[in-house]
There are 2 protein chains.
Amino acid sequence: MPAEMQSGFGASGEDRGARVTMSHGGGGALSREIVRDLLLPAYGSGFALPLSDSAVIALGRGKAAFTTDCFVVKPLFFRGGDIGRLSVSGTVNDLAVAGARPIALSVGMVIEEGLEIAVLGRIAESIGRTASEVPVAVVAGDTKVVERGAADGIFITTSGIGAIVPGGAFGASRIRPGDAVIVTGTLGDHGIAVMSERAGLRFETPAVSDAAPLWGLVEKLISAGGVHAMRDPTRGGAAAALNELAQDAGVGIEIDEESVPIRPEVGAACDMLGLDPLSVANEGKVLAFVSGRSAHRALEAAKEHALGRNAAIIGSAVSGHPGVVAVRTRVGGRKVLEMPYGEGLPRIC
Amino acid sequence: MPAEMQSGFGASGEDRGARVTMSHGGGGALSREIVRDLLLPAYGSGFALPLSDSAVIALGRGKAAFTTDCFVVKPLFFRGGDIGRLSVSGTVNDLAVAGARPIALSVGMVIEEGLEIAVLGRIAESIGRTASEVPVAVVAGDTKVVERGAADGIFITTSGIGAIVPGGAFGASRIRPGDAVIVTGTLGDHGIAVMSERAGLRFETPAVSDAAPLWGLVEKLISAGGVHAMRDPTRGGAAAALNELAQDAGVGIEIDEESVPIRPEVGAACDMLGLDPLSVANEGKVLAFVSGRSAHRALEAAKEHALGRNAAIIGSAVSGHPGVVAVRTRVGGRKVLEMPYGEGLPRIC
């Protein structure tokens with residue numbers, strides 16, 4: 001471990017050295033650092049760079065996308081979804097934003113002894129139902145059981161293979177100043193829904209997770225043309241996704257806060273909890289960078305899909321301030337949208 | 001959940017219904033039942049049948065194998081390996097026995113808060129080193145952190161994609177009476193090594209795990225010709241693998257106990273612990289069913305490889321007693337080698 005990494009890894013004065021903290025799993029700067037500085041050098045050069053959520057591999061004459069995600073959400077069931085729906089949606093969406101039609105999923109489960117069989121059955125059915133919405137086949141799986149207290153209910157790791165469609169292989173490197181930033185719907189729904197459930201918060205209109213597989217919507221966006229890059233803003237929310245893209249693309253990004261679609265109940269909950277909806281996790285939204293002249297056609301294409309009705313253009317890529325995301329606030333000010341550092345909302349996915 | 005499953009799923013008189021037990025994760029009959037009766041019906045028809053460890057999917061003009069495995073071994077480090085080496089070996093070996101050259105791996109980690117960064121680093125390096133032995137690239141990953149007490153150190157789920165080689169797509173359906181059963185080396189090493197470590201047992205010659213990626217060895221076997229089916233006897237050992245193959249192929253299997261290679265220290269430990277080495281997990285062995293006339297050529301090919309030096313022909317497929325594995329014991333008797341039911345050695349992989 002290189003010395004300059006020590007601080008980021010939370011080194012302390014303890015004899016036994018630095019330890020993993022919740023913040024290393026938050027999807028923000030610390031997560032990125034552990035991958036870049038510890039895992040990548042250990043795994044060797046094959047690992048996908050930039051640090052997007054899927055890798056492109058050559059298979060015969062075609063190109064496939066390959067991705068994996070672990071799900072540790074707490075509680076297992078929440079308004080709008082459950083760990084099963086989440087685990088299929090997350091992996092399908094990673095493939096979709098890589099421009100890949102999902103072909104096959106695998107599902108690995110680590111189960112805590114004592115989990116009710118009926119609960120496992122509900123989760124498995126949710127996995128099957130969500131996969132059928134895409135549709136994509138669950139073709140492989142593994143199941144391990146650990147003693148009571150050695151896990152928390154169930155953890156699920158899904159992996160997926162997708163076939164990259166013609167014109168696919170989108171990525172940060174294709175982003176150009178002048179590109180419009182489209183979001184396919186309201187932000188923050190998933191994070192607030194899970195958080196409310198966990199904290200036992202009661203709102204008049206409760207937040208509902210947006211967990212959904214987005215291949216159908218993404219296919220419409222791609223068909224409209226002009227798409228340069230897509231990202232699903234999960235852990236760390238739009239703030240993490242936009243900062244990663246700005247850094248990887250070497251462009252600046254300007255976001256117009258007023259144009260960002262936020263449900264009133266999510267906005268109210270964020271105000272109460274002191275959260276920025278731009279930093280809250282989504283599980284059924286895509287951020288797309290689209291060439292300026294294709295932007296309105298792409299927006300209309302998104303709006304035609306049931307999961308994209310609230311789509312909006314929320315900003316653009318600019319040549320100024322490369323690597324930095326700036327927000328024009330509702331009151332007319334400007335602020336930098338920071339990369340979330342550690343763990344805002346633990347175990348949100 | 002169909003009523004006839006209740007008993008198998010360990011239903012009790014409790015109000016809240018049946019619960020998952022350690023035995024559901026043991027790789028034996030109960031593991032098979034939870035997959036067949038609960039998960040498969042929920043996931044839909046895409047799931048690979050028979051219940052082998054990998055699925056074959058069409059990708060462009062080629063065929064690929066896709067597999068996933070969860071690793072929860074305790075302790076994380078043991079003689080001959082660690083959870084990182086295990087997680088690469090297990091997935092590579094599932095691909096190899098499907099006749100697939102490993103192309104890409106993904107690594108998903110669920111980490112307990114407080115794990116030493118140095119320990120994570122050692123595991124990651126072991127992953128990279130083991131992958132480079134194949135060689136196969138680790139191309140994608142995900143990392144989640146859960147609170148202290150919500151996991152046990154680290155759980156790793158690896159998935160793999162492989163390209164099925166010409167003449168590959170081996171499987172139980174190709175097994176014919178008269179096929180020889182080849183094992184590529186000594187049985188029981190991994191299970192006894194982990195068990196000894198965990199129980200703090202001291203032997204004069206300690207058992208060493210065989211955890212190793214076997215693509216190179218399998219490639220030699222395939223080149224020798226005549227291979228009909230292969231399986232890596234992990235959880236549940238050779239007993240589980242042979243019973244599954246006998247059932248799926250609809251043939252009987254005869255094993256000659258005396259010809260099964262067992263290290264003396266493993267045999268002694270099994271005697272002491274009351275275990276049958278045929279039911280103990282391996283992580284670096286292949287069972288191959290090879291046409292009778294190719295058997296000796298295949299055996300020689302295996303022996304030429306460093307990981308196959310102790311290979312032996314240990315029995316054959318027969319037309320009698322379909323679905324049943326019979327053992328000729330050292331003292332000249334005969335017994336049925338049962339499918340392990342539940343959990344012999346928990347958290348062995």
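Quick notes on this structure:
- Against the conditions (1) in contact (Cβ under 8 Å) with a residue 24 or more places away in the chain; (2) in a loop (DSSP other than H, G, I, E, B), B:VAL331 satisfies every one except (1).
- A:THR158 meets all of the listed conditions (1) more than 21 Å from the chain's Cα centre (by Cα); (2) polar (S, T, N, Q); (3) under 30 Å from B:GLY342 (Cα atoms) but one, namely (1).
- Scanning segment A:102-130 for residues that are touching a residue at least 60 places away in the same chain (Cβ under 8 Å) and open to solvent by less than 30 Å² (accessible area, probe 1.4 Å) yields A:PRO102, A:THR130.
- Segment B:140-179, residues that are part of a strand (DSSP E or B) and surrounded by fewer than 24 Cβ atoms within 10 Å (Cβ to Cβ): B:THR143, B:VAL146, B:ILE154, B:ALA163, B:ILE164
- Positions within segment A:66-79 being more than 9 Å from chain B (Cβ to nearest Cβ) and either assigned to a strand (DSSP E or B) or open to solvent by less than 10 Å² (accessible area, probe 1.4 Å) (or both), in sequence order: A:VAL73, A:PHE77, A:PHE78
- Qualifying residue in segment B:72-82 (condition: within 18 Å of the chain's Cα centre (by Cα), within 24 Å of A:ARG122 (Cα to Cα) and either outside the structural domain of B:ASP232 (by TED's automatic domain parsing) or without any contact (Cβ under 8 Å) to a residue 60 or more places away in the chain (or both)): yes
- Cβ pairs under 8 Å, 6+ apart, first in segment B:165-189 and under 23 Å from B:ILE262 (Cβ atoms), second part of a loop (DSSP other than H, G, I, E, B) and of a type in the set (Asp, Glu): B:GLY185/B:ASP210; B:THR186/B:ASP210; B:ASP189/B:ASP210
- Identity of the residue in segment A:80-122, of a type in the set (D, E, K, R) and under 18 Å from B:ALA42 (Cα atoms), that ends up nearest to the other protein chains (Cβ to nearest Cβ): A:GLU116
- From B:VAL35, B:VAL20, residue being of a type in the set (A, V, I, L, M, F, W, C), surrounded by fewer than 22 Cβ atoms within 10 Å (Cβ to Cβ) and at pLDDT 85 or above: B:VAL35
- Checking the stated criteria, A:GLY99 turns out to be touching a residue at least 12 places away in the same chain (Cβ under 8 Å), crowded, with 21+ Cβ neighbours inside 10 Å and at positive phi.
- Selection status of A:GLY27, among the small types (Gly, Ala, Ser), at pLDDT below 85, open to solvent by 20 Å² or more (accessible area, probe 1.4 Å) and assigned to a loop (DSSP other than H, G, I, E, B): no
- Test: B:ALA207 is crowded, with 23+ Cβ neighbours inside 10 Å and under 17 Å from B:THR234 (Cβ atoms): yes
- Count of segment B:80-107 residues which are β-branched (Val, Ile, Thr) and assigned to a loop (DSSP other than H, G, I, E, B): 0
- In the condition set (1) more than 22 Å from A:ALA65 (Cβ to Cβ); (2) more than 10 Å from chain B (Cβ to nearest Cβ); (3) of a type in the set (Phe, Trp, Tyr), A:PHE155 is compliant with all but (2).
The values are calculated or read from the model by the stated rules, or taken from the named source; none is laboratory data. Everything numeric in this text was worked out from a predicted model, so none of it was measured. We place every Cβ from the backbone using ideal geometry, glycine too, and count neighbours over all the protein chains shown. With ligands, DNA and RNA removed, areas are computed over all heavy atoms of the protein, side chains included. Shrake-Rupley method; radii C 1.70, N 1.55, O 1.52, S 1.80 Å.
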